[in-house]
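**Student:** Let me begin by handing over the structure; questions about it come next.
The values are calculated or read from the model by the stated rules, or taken from the named source; none is laboratory data. On a predicted model such as this, the values are computed, not experimentally measured, just so you know. Cβ atoms come from the backbone with ideal geometry, glycine included; neighbour counts cover every protein chain shown.
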Amino acid sequence: MASLQPVRGTHDLLPEQNRLHDHIAETARAIGELYGYHRMTTPIFEFTDVFARTLGDTSDVVTKEMYSFEDRGGEHITLRPEGTAGIARAYISNGMQQMSPVKVSYIGPMFRYERPQKGRQRQFHQIGAELLGVEQVAGDVEMIAYGAHILKQLGLWDDVTLELNTLGDPESRAAYRTVLVDYFKGHFDKLSEDSRTRLDKNPLRILDSKDEGDRELVANAPLFADYLNENSQQFFKGLTEGLGDIGIAYQLNPRLVRGLDYYCHTCFEFTTNTLGAQGTVMAGGRYDGLISTMGGPQTAGVGWAAGVERLALMVGEAPPAARPVALIPMGDDAERHCRKLAQDLREAGIAVELGYAGNMKKRLKRADKANARLAVILGDDELAKGVAQLRDLDNSDQREVALNVLIETVSKG
RNA sequence: GCGGGUGUAGCUCAGGUGGUUAGAGCACCAGAUUGUGGCUCUGGGGGCCGUGGGUUCAAGUCCCAUCACUCGCCCCA
């Protein structure tokens, strides 16, 4: 093993893997265009405050997973652990409420100081989308449809389940939270150690505990559905109806929660059992309180994010690259002629593999390895006659083609 | 941050109870075939056996530490 290791939790994306990532990014971008979402890019680092304020000081992401540092000017900087906070900050910085509704997508590296596992790295990539300024449930439906469309396009639909829940509006959630905390306090001695700390920090998370004892308590816990006010019920009904209208199946999961206060109403995750413990492929929800929490105008918001590495694990292989045409010159004159020919072919949109050296055997071998579909063999004899040998590398058919119709012939395949 | 597993060639992995020059397949390079690839055959290059320390006459093998990956918890995409 080489002594030069990459930093823990970081990985090189070698060309093949990079192509898979590009495929996912491009699929997400193209689908986004169909829904009217356009790419925007925010900085990879922000003032620490941007994340500390939006993620809340109780979340693990903020308390122990951020890459924070002081820059040379003494500013407190953090590498972004997720994408939404930066978009929200940009919305405020640029007065984007003028453009409401704002429909954007993004892709980029994120950083979290976590214990690495398969599908969980310290530098990873997310695609995501945000819809700002739409309070109608139609926005939530569109968001889910958009995410689902990407998963379908990537061929992952059969491996994925849409789990759905509502967090209600702030009033409903506050009411539920109170009875839930009371309930668990009544059974404090039976709670797991993790959940005891959650009781203060993030009581809703107890619903999602994997501890056996917790699960028994949770089974008898008060139901959120019983504490939803009229407004919240109507909103959730609109969501399920909307999904029904466009034929997206979902599974209700009352234990699906978010911890932070600015989340409300819609909460969804696309999950899979093909990735072990890292089962969440795409997650999102409504966050009407986020922008105002950051000091901007009260602005409704819905969004989702998905981990590119996890998607890549599921997709497995990138679609094959375009098959090039290999040029095989023999001799100096032919070499020079091929230089020009390669340029012309490339400018005509044809991928060209130009062997840099070697005899014909080596060059053909290399052409084969490059998965070339055709080889253009050009030697002194051919040059003198104004022709080239055009060899089909799949079936070994070889024929003579006049140089002045070569590009045309190759273009036709 | 907590608990378990694994680190031998570029990749996938063999190397009972410690024993002398560490192996295979794939990949790579060359030749058989000097202007014709894939298939086949022959040969070749590649290893601080993750790293550091310890036990021993002797360590890839046993012990400790450390680093990385990995499975689960936590958290989350």
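**Student:** List every residue pair whose Cβ atoms lie under 6 Å apart, where the two residues are 6 or more positions apart in sequence or sit on different chains, the first residue falls within the range A:144-164 and is touching a residue at least 12 places away in the same chain (Cβ under 8 Å), and the second residue, located anywhere, is assigned to a helix (DSSP H, G or I) and of a type in the set (Val, Ile, Thr).
**Tutor:** A:His149/A:Ile31; A:Ile150/A:Ile31; A:Gln153/A:Thr27; A:Gln153/A:Ile31; A:Leu154/A:Thr27; A:Leu154/A:Val315
**Student:** Same structure again: Those residues that are surrounded by 13 or more Cβ atoms within 10 Å (Cβ to Cβ) and not hydrophobic (A, V, I, L, M, F, W, C), I need them from the range A:23-37; list them, please.
**Tutor:** Filtering the range A:23-37 for residues surrounded by 13 or more Cβ atoms within 10 Å (Cβ to Cβ) gives A:23-25, A:27-29, A:31-32, A:35, A:37.
Residues satisfying the conditions are A:His23, A:Thr27, A:Arg29, A:Gly32, A:Tyr35, A:Tyr37.
**Student:** Restricting to the range A:216-254, count the residues that are surrounded by fewer than 17 Cβ atoms within 10 Å (Cβ to Cβ) and over 20 Å from A:Val302 (Cα atoms).
**Tutor:** Adding up the residues that qualify gives 10.
**Student:** If I ask for residues that are modelled with pLDDT of 90 or more and either part of a helix (DSSP H, G or I) or more than 18 Å from A:Tyr146 (Cβ to Cβ) (or both), which ones from the range A:257-288 would you list?
**Tutor:** Let us first name the residues in the range A:257-288 that are modelled with pLDDT of 90 or more, namely A:264-272, A:280-288.
Hits for the range A:257-288 are A:Cys264, A:Thr272, A:Asp288.
**Student:** What number goes with the only condition from (1) at pLDDT 90 or above; (2) at negative phi that A:Asp194 does not pass?
**Tutor:** (1)
**Student:** I'm told A:Gln123 meets every condition in (1) buried (at least 20 other Cβ atoms within 10 Å of the Cβ); (2) modelled with pLDDT under 95; (3) within 15 Å of RNA strand B (Cβ to nearest atom) except one. Can you identify the failing condition by its number?
**Tutor:** So the condition that A:Gln123 fails would be (1).
**Student:** Restricting the search to the range A:281-303, which residues are touching a residue at least 24 places away in the same chain (Cβ under 8 Å) and within 8 Å of RNA strand B (Cβ to nearest atom)?
**Tutor:** Within the range A:281-303, A:Val281, A:Met282, A:Gly284 meet the criteria.
**Student:** Of the residues A:Gly238, A:Gly355, which is modelled with pLDDT under 95 and in contact with a helix residue (DSSP H, G or I) (Cβ under 6 Å, 6 or more places away or on another chain)? Spell out the reasoning first.
**Tutor:** On the way: A:Gly238 fails: modelled with pLDDT under 95.
Sole residue among the options that is modelled with pLDDT under 95 and in contact with a helix residue (DSSP H, G or I) (Cβ under 6 Å, 6 or more places away or on another chain): A:Gly355.
**Student:** A:Pro109 - would you say it is in the same structural domain as A:Tyr262 (by TED's automatic domain parsing) and either touching a Pro at 6+ places or on another chain (Cβ under 8 Å) or of a type outside the set (Gly, Ala, Ser) (or both)? Outline the logic, then answer.
**Tutor:** On the way: in the same structural domain as A:Tyr262 (by TED's automatic domain parsing): yes; either touching a Pro at 6+ places or on another chain (Cβ under 8 Å) or of a type outside the set (Gly, Ala, Ser) (or both): yes.
Criteria met by A:Pro109.
**Student:** Please determine whether any residue of the range A:60-79 is without any contact (Cβ under 8 Å) to a residue 24 or more places away in the chain, assigned to a strand (DSSP E or B) and under 30 Å from A:Gly276 (Cβ atoms). Break it down into steps so the answer makes sense when it comes.
**Tutor:** Of all residues in the range A:60-79, those without any contact (Cβ under 8 Å) to a residue 24 or more places away in the chain come to A:60, A:62-63, A:68-74.
Filter once more, so that each one left must be assigned to a strand (DSSP E or B): A:68-70.
Among the residues that remain, those that are also under 30 Å from A:Gly276 (Cβ atoms) are: A:68.
Yes.
**Student:** Could you please give the count of residues in the range A:7-46 that are in contact (Cβ under 8 Å) with a residue 12 or more places away in the chain, in a helix (DSSP H, G or I) and within 16 Å of A:Ala312 (Cα to Cα)?
**Tutor:** 12
**Student:** Still on this model: Could you check how many residues of the range A:356-385 are of a type outside the set (S, T, N, Q), more than 6 Å from RNA strand B (Cβ to nearest atom) and either within 12 Å of A:Val325 (Cα to Cα) or in contact with a strand residue (DSSP E or B) (Cβ under 6 Å, 6 or more places away or on another chain) (or both)?
**Tutor:** Residues flagged as of a type outside the set (S, T, N, Q), more than 6 Å from RNA strand B (Cβ to nearest atom) and either within 12 Å of A:Val325 (Cα to Cα) or in contact with a strand residue (DSSP E or B) (Cβ under 6 Å, 6 or more places away or on another chain) (or both) within the range A:356-385 amount to 10.
**Student:** Also, quick follow-up: Output yes when any residue across the range A:313-336 is more than 13 Å from RNA strand B (Cβ to nearest atom), at pLDDT 90 or above and under 30 Å from A:Met110 (Cα atoms), and no when none is. Break it down stepwise before answering.
**Tutor:** At the first step, the residues of the range A:313-336 found to be more than 13 Å from RNA strand B (Cβ to nearest atom) are A:315-322, A:336.
Still in the list and also at pLDDT 90 or above: A:315, A:336.
Now restrict to residues that are under 30 Å from A:Met110 (Cα atoms): A:315.
Yes; the residues of the range A:313-336 include at least one that is more than 13 Å from RNA strand B (Cβ to nearest atom), at pLDDT 90 or above and under 30 Å from A:Met110 (Cα atoms).
**Student:** Next question, about the same structure. So, A:Asp49, is that one surrounded by fewer than 18 Cβ atoms within 10 Å (Cβ to Cβ), under 16 Å from the mean Cα position of the chain (by Cα), touching a residue at least 24 places away in the same chain (Cβ under 8 Å) and part of a helix (DSSP H, G or I) or not?
**Tutor:** Values: surrounded by fewer than 18 Cβ atoms within 10 Å (Cβ to Cβ): yes; under 16 Å from the mean Cα position of the chain (by Cα): no; touching a residue at least 24 places away in the same chain (Cβ under 8 Å): yes; part of a helix (DSSP H, G or I): yes.
No; evaluated as a whole, the condition is false for this residue.
**Student:** Residues in the range A:247-271 that are of a type in the set (Gly, Ala, Ser) and in contact with a strand residue (DSSP E or B) (Cβ under 8 Å, 6 or more places away or on another chain): how many? Quick ask: steps written out before the conclusion?
**Tutor:** Initially, the range A:247-271 is screened for residues of a type in the set (Gly, Ala, Ser), giving A:247, A:249, A:259.
Now narrow it down to the ones that are in contact with a strand residue (DSSP E or B) (Cβ under 8 Å, 6 or more places away or on another chain): A:249.
So the count comes out to 1.
**Student:** Moving on. When you scan the range A:102-201 for helices (runs of 4 or more DSSP H) that lie fully inside it, which ones turn up with 3 or more residues that are farther than 28 Å from A:Arg310 by Cα?
**Tutor:** Answer list for the range A:102-201: A:170-186, A:193-201.
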